[in-house]
Amino acid sequence: MELWYTEKQTENFGITAKVKQTLHTEQTEFQRLDMLETEEFGNMLTLDGMVMTTEKDEFVYHEMVAHVPLFTHPNPKHVLVVGGGDGGVLREIVKHPEVEKATLVDIDGKVIEYSKKYLPTISSAFDHSKVEVKVGDGFMHIAESRDAYDVIMVDSTEPVGPAVKLFEKGFYEGISKALKEDGLFIAQTDNPWFKADLIAQVFKDVKEIFPITKLYTANVPTYPSGLWTFTIGSKKYDPLDVPEERFHDIETKYYTKEIHKASFVLPKFVGDIIK
Ligand code: SAM
């Protein structure tokens, strides 16, 4: 008998993955958490039935969330991750020697707990000396922060449940206040095939707050449509104006300085969304 996990990415379309075994499943205070061992993508974390990360393809997303902003900022000492409870973005952040402190705020401690247990290659940086982990609402943390961070990364779930407010203009205004005067932030902003309206709305809101606002993409096979977007809002530094000498070597499997630049070149239908 075969067992398959299916994520309905829209009411009429989805992906399905053959499951070896269910490693853990529970209804946490905030969401349904499932940890599955899949044949194709290794261990897979899903929240409310949506793929969050898998052992096989996680590096694409986590490298693109971390390295585009961290190479764009000339000296990112203080970094904040909102969400990111699987630890993958943290693992990438600590590869940058200039980072002095990386704070992660995830609302659900169970995500951190079970990522440590079942996603050891992704959650390896939680105990790093530069890392501070907090369990709490990222929206509140941002509202209470002033002039505190060089770079902020919003690695949240899709705008459902506790993450809804992380896609509203007020949150981005809060991010601007939490950033230093030359700070910048990125947020994962879903896919252009099924969530064009979300991308358009977020881009419009961020553009009204940040002088430099751009969209970049990456291929994440287990995310809806496989084409994922990220929105960057920057007070001073342009991601497409990074001095060559800034790109110091780090170990990656997807990100390169060429990908950094190319990821901002958008297919016409994606560019049209943010026009
Ligand atoms: N890469 C994934 C994606 O693009 O959908 C996100 C991965 S990460 C596991 C998403 C995290 O956002 C979850 O651990 C969830 O608990 C967290 N989250 C959702 N709403 C939050 C909030 N208001 N404050 C802090 N973390 C939140």
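The values are calculated or read from the model by the stated rules, or taken from the named source; none is laboratory data. Here the structure is a predicted model, which means the values were calculated and not measured. Here the Cβ is made from the backbone with ideal geometry for all residues, glycine too, and neighbour counts use every protein chain on show. With ligands, DNA and RNA removed, areas are computed over all heavy atoms of the protein, side chains included. Shrake-Rupley method; radii C 1.70, N 1.55, O 1.52, S 1.80 Å.
The residue that is farthest from Thr54 (Cα to Cα), among those in region 210-225 that are within 13 Å of the ligand (Cβ to nearest atom) and either in contact with a Gly (Cβ under 9 Å, 6 or more places away or on another chain) or without any contact (Cβ under 8 Å) to a residue 40 or more places away in the chain (or both), is Pro224. So Gly183 clears everything in (1) more than 13 Å from the ligand (Cβ to nearest atom); (2) farther than 24 Å from Val220 by Cα; (3) in a helix (DSSP H, G or I); (4) open to solvent by less than 10 Å² (accessible area, probe 1.4 Å) except one condition, right? Which one? Going through the list (1) more than 13 Å from the ligand (Cβ to nearest atom); (2) farther than 24 Å from Val220 by Cα; (3) in a helix (DSSP H, G or I); (4) open to solvent by less than 10 Å² (accessible area, probe 1.4 Å), Gly183 breaks only (3).
Among the residues of region 190-209, those identified as within 18 Å of Lys235 (Cβ to Cβ) and under 18 Å from the mean Cα position of the chain (by Cα) are Val202, Phe203, Val206.
Across region 139-164, what is the total count of residues that are of a type in the set (D, E, K, R) and either near the ligand (Cβ under 9 Å from one of its atoms) or touching a Phe, Trp or Tyr at 6+ places or on another chain (Cβ under 8 Å) (or both)?
Going through region 139-164, the residues of a type in the set (D, E, K, R) turn out to be 144, 146-147, 150, 155, 158.
If we keep only those that are either near the ligand (Cβ under 9 Å from one of its atoms) or touching a Phe, Trp or Tyr at 6+ places or on another chain (Cβ under 8 Å) (or both) as well, we get 155, 158.
So the count comes out to 2.
There is at least one residue in region 170-178 that is within 11 Å of the ligand (Cβ to nearest atom), more than 18 Å from His62 (Cβ to Cβ) and open to solvent by less than 30 Å² (accessible area, probe 1.4 Å). Considered as a group, the residues in region 126-151 that are under 16 Å from Ala102 (Cβ atoms) and among the charged types (D, E, K, R) include one that is least open to solvent (accessible area, probe 1.4 Å), and that residue is Asp150. Considering every residue within region 95-114, establish whether at least one is touching a strand residue (DSSP E or B) at 6+ places or on another chain (Cβ under 6 Å), away from the ligand (no atom under 11 Å from the Cβ) and not β-branched (Val, Ile, Thr). Among the residues of region 95-114, at least one is touching a strand residue (DSSP E or B) at 6+ places or on another chain (Cβ under 6 Å), away from the ligand (no atom under 11 Å from the Cβ) and not β-branched (Val, Ile, Thr), which makes the answer yes.
Is one or more of the residues making up region 121-132 in contact with a strand residue (DSSP E or B) (Cβ under 7 Å, 6 or more places away or on another chain), farther than 23 Å from Glu55 by Cβ and outside any strand (DSSP E or B)?
Within region 121-132 (the criterion being in contact with a strand residue (DSSP E or B) (Cβ under 7 Å, 6 or more places away or on another chain), farther than 23 Å from Glu55 by Cβ and outside any strand (DSSP E or B)), the answer is yes, since at least one residue qualifies.
Does region 12-28 contain any residue that is at positive phi and not acidic (Asp, Glu)? No, the conditions are met nowhere in region 12-28. Does region 34-45 include one or more residues that are within 16 Å of Gln188 (Cβ to Cβ) and in contact with an Asp or Glu (Cβ under 9 Å, 6 or more places away or on another chain)? Yes. Restricted to region 1-104, the set of strands (runs of 3 or more DSSP E) holding at least 2 residues that are buried (at least 23 other Cβ atoms within 10 Å of the Cβ), within 19 Å of the chain's Cα centre (by Cα) and not basic (Lys, Arg) comprises 42-47, 50-54, 78-83. For region 68-84, state whether one or more residues are of a type in the set (D, E, K, R) and within 29 Å of Tyr237 (Cβ to Cβ). Within region 68-84, one or more residues are of a type in the set (D, E, K, R) and within 29 Å of Tyr237 (Cβ to Cβ).
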